[in-house]
Amino acid sequence: MKILVLNASSKGKNSTTVHTALYLQALHPEHEFTFIPVGQRIKSYEKDFAPLREELEKAELILFSYPVYTFIAPYQLHRLIELIKADGVDLSGKFASQITTSKHFYDVTAHRYIAENCFDLGMKVIQGLSADMDDLLTEQGQQDARNFFDQLIFSCEKGLLVTPPAKGLVKEKEVHQATIPSVPKTKEKDVVIVTNYAPDDQNLQNMIEDFRAALPFESRIVNLREFPFSGGCLGCFSCAVTGKCIYKDRFDEFLRTKIQNADAFVYAFTISDHYTHSSFKCYDDRQFCNGHRTVTHGTPIAYLISGDYQYESNLRMIVEGRAEVGGNYLCGVATDEGNTAADIQSLADSLVFSLEKKLSRPANFYGVGGMKIFRDLIYVMQGMMKADHKFYKEHGIYDFPQKQKKRILQMKLVGAMLAVPSVQKKMKGQMNQYIIGPYVKVVEQAKAKRN
C-alpha cells in the first residue's frame, strides 16, 4: 500500500511524533511509505501546491502525524487543510488515519477535528493512534503502535471505518443586519473583542457591531488577521526557559498588553473547516508563551459565532473546555442561527451581569481533568518549566491526593471501624445520616442568616 505520511510537526525529522511512523516503516517494508514535512514547508505550499498535490494523488492511505497543540492540530496542519480544500485535489475514496503524541490533553478534540475535515473531503476515515509523548520508548508503547498499524491495514482491507457524524439540514442564512440601538457607554470596564473577520465577512462584522451597541461599556476590537505573525508555534520550548518567544514579532508583548489585561474577552469568528480561519489557530498556539499558566483565571469570556454551530459538537466541546481549563466564566455563545439580535442582546446582558457579580463556577470534568494533566506534567518537568512550576506552587495547583494526610487517615479509621461486625450492625441504614449531617448544618445556618 502507498502510505503518505504528512508530518505536520514544525520540527520536521526531529519530531517525536513522526518517529512512530518511522518505526512502523522499519517493521513493514512491504508497504511504500513517503514522508513529507508539511509542517516545515507550509509557507512554500502557499506559493506552489503542485508538488504536494502530486503526492496526495498517488497515495492510497494518508496518515496525518502531528503533536496536539491547544485542543486541536498545530496551526501548520490547520493551514494545510485550508490549502487542500482550496486546491480542490480529489481525495475521495482514499483512506485516512492519524498518529498523535501528547499528554492526552484534549487529544480527542484534535482527532475529531482531523476526522471531520477528512469526511468533508470524501475520505474513508480509520481510527487513529493517540499516544503519550514517551510511549514509543516503552515496550507497551511499541506494542500499541504495532497493534494500531495491524488494525489500520486490516481496516483498509475490510472497510472498518469511523462513522461520519450525522448532520442536520443546514439552512441558508440571511446576512444579519445590525439593528441594536447603541446604549450610553462608560469606561468602567475594558472589554476586548478578539476576532479574525475578513473584509468581506459582513455578517460577523454586523454581529460585532450589534454586540458593541448593546454593551454599556467601551469595547475595542483586535483583528488577528492584522497582526504580523512571523509563523506558528515551533514547539521549541525556548519560552519555557527564557519567558520570551523565539520569534521577533513581539506577539508575547502584544498578547499581554492588548488582550490579557482586559476585564472581559469576547471571541468572534466565522466557522470554517470545523473551527475557524487558521489565523485564530496561530493565535491559539502562540499563546504558549504563557506556558501552562492560567494567567487570565477569573476573567469572563463570551463568543460571537457565525455559522452552523449547533451541528459542530466538537467545536462546542472546545469552546467549553477552553473556558473550563482557563478558569474563565463562560457567559454564553450568540450565533446567527436563530434570532440573532435577541441572542446578542442576551449575551451582552450576561457579560455585564458576570462582571458586576464577579461570577464563577466550579470546574467540571473538562476543567478538572485538563488541569490534573497539566499539574502532573509541570511537576515532572519543573526543572525546565520553571515559570509554570512557580505559578503552580503559588496558586495551590499541586493538589496531589497524597498530601491530604488527614483525610486519608480519617478514611482508614472509618474503614477499620466498619470492618468490625458489631459496628456494621449498629451503622446499618444510618451511614447516609452521618454523611449528610454537615450539609444539613449548612442549610440551617443559611436559614438562620436569612431570618
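Remarks
- Residue match in region 217-227 (condition: more than 23 Å from Ser272 (Cα to Cα) and surrounded by 16 or more Cβ atoms within 10 Å (Cβ to Cβ)): yes
- Count of region 101-123 residues which are touching a Leu at 6+ places or on another chain (Cβ under 7 Å) and within 24 Å of Asp376 (Cβ to Cβ): 1
- The one condition from (1) open to solvent by 60 Å² or more (accessible area, probe 1.4 Å); (2) assigned to a loop (DSSP other than H, G, I, E, B) that Ala363 does not meet is (1).
- Test for Tyr379: is it open to solvent by less than 60 Å² (accessible area, probe 1.4 Å), in contact with a Phe, Trp or Tyr (Cβ under 9 Å, 6 or more places away or on another chain) and either under 18 Å from Phe105 (Cβ atoms) or part of a helix (DSSP H, G or I) (or both): no
- Identity of the residue in region 4-44, without any contact (Cβ under 8 Å) to a residue 24 or more places away in the chain and among the polar types (S, T, N, Q), that ends up nearest to Glu82 (Cα to Cα): Ser44
- Residue check for Thr163: within 30 Å of Gln310 (Cα to Cα), surrounded by fewer than 16 Cβ atoms within 10 Å (Cβ to Cβ), touching a residue at least 60 places away in the same chain (Cβ under 8 Å) and of a type in the set (Val, Ile, Thr): no
- Residues of region 134-155 classified as surrounded by fewer than 15 Cβ atoms within 10 Å (Cβ to Cβ), closer than 20 Å to Ser102 by Cα and either over 25 Å from the mean Cα position of the chain (by Cα) or in contact (Cβ under 8 Å) with a residue 60 or more places away in the chain (or both), total: 7
- The residues of region 107-126 that are assigned to a loop (DSSP other than H, G, I, E, B) and either free of Cβ contacts under 8 Å to residues at least 60 places away in the same chain or touching a Pro at 6+ places or on another chain (Cβ under 6 Å) (or both), listed by number, are Leu121, Gly122, Ile126.
- Residue match in region 427-434 (condition: without any contact (Cβ under 8 Å) to a residue 60 or more places away in the chain, open to solvent by less than 60 Å² (accessible area, probe 1.4 Å), of a type outside the set (D, E, K, R) and not in a helix (DSSP H, G or I)): no
- Ala268 being in contact (Cβ under 8 Å) with a residue 40 or more places away in the chain, of a type outside the set (Ser, Thr, Tyr) and farther than 30 Å from Ile397 by Cβ: yes
- Pair list, Cβ < 7 Å and 6+ apart or interchain, from region 391-402 residues that are in a loop (DSSP other than H, G, I, E, B) to residues that are surrounded by 13 or more Cβ atoms within 10 Å (Cβ to Cβ): Ile397/Met371; Ile397/Arg375; Tyr398/Arg375; Tyr398/Tyr379; Tyr398/Tyr392
- Candidates Leu351, Leu377, filtered to the one that is in contact with a Cys (Cβ under 7 Å, 6 or more places away or on another chain) and either under 23 Å from Val241 (Cα atoms) or modelled with pLDDT of 95 or more (or both): Leu351
- In region 346-360, residue nearest to the chain's Cα centre (by Cα) [restricted to those that are among the hydroxyl-bearing types (Ser, Thr, Tyr), part of a helix (DSSP H, G or I) and surrounded by fewer than 20 Cβ atoms within 10 Å (Cβ to Cβ)]: Ser350
Table: residues versus (1) crowded, with 16+ Cβ neighbours inside 10 Å; (2) touching a residue at least 60 places away in the same chain (Cβ under 8 Å); (3) at positive phi.
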| position | (1), (2), (3) |
| --- | --- |
| Tyr275 | yes, yes, no |
| Gly291 | yes, yes, yes |
| Pro300 | yes, no, no |
| Met317 | yes, yes, no |
| Gly321 | yes, yes, no |
| Tyr329 | yes, no, no |
| Val333 | yes, no, no |
| Ile344 | yes, yes, no |
| Ile373 | yes, yes, no |
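- When region 303-322 is filtered for residues that are hydrophobic (A, V, I, L, M, F, W, C) and either assigned to a loop (DSSP other than H, G, I, E, B) or over 16 Å from the mean Cα position of the chain (by Cα) (or both), the ones remaining, listed by number, are Leu304, Ile305.
The values are calculated or read from the model by the stated rules, or taken from the named source; none is laboratory data. Predicted, not measured: the structure shown is a model, and the values here were computed from it. Note that each Cβ is placed from the backbone with ideal geometry, even for glycine, and that neighbours are counted across all protein chains shown. Ligands, DNA and RNA are excluded from the accessible area calculation, which covers all protein heavy atoms including side chains. Shrake-Rupley method; radii C 1.70, N 1.55, O 1.52, S 1.80 Å.
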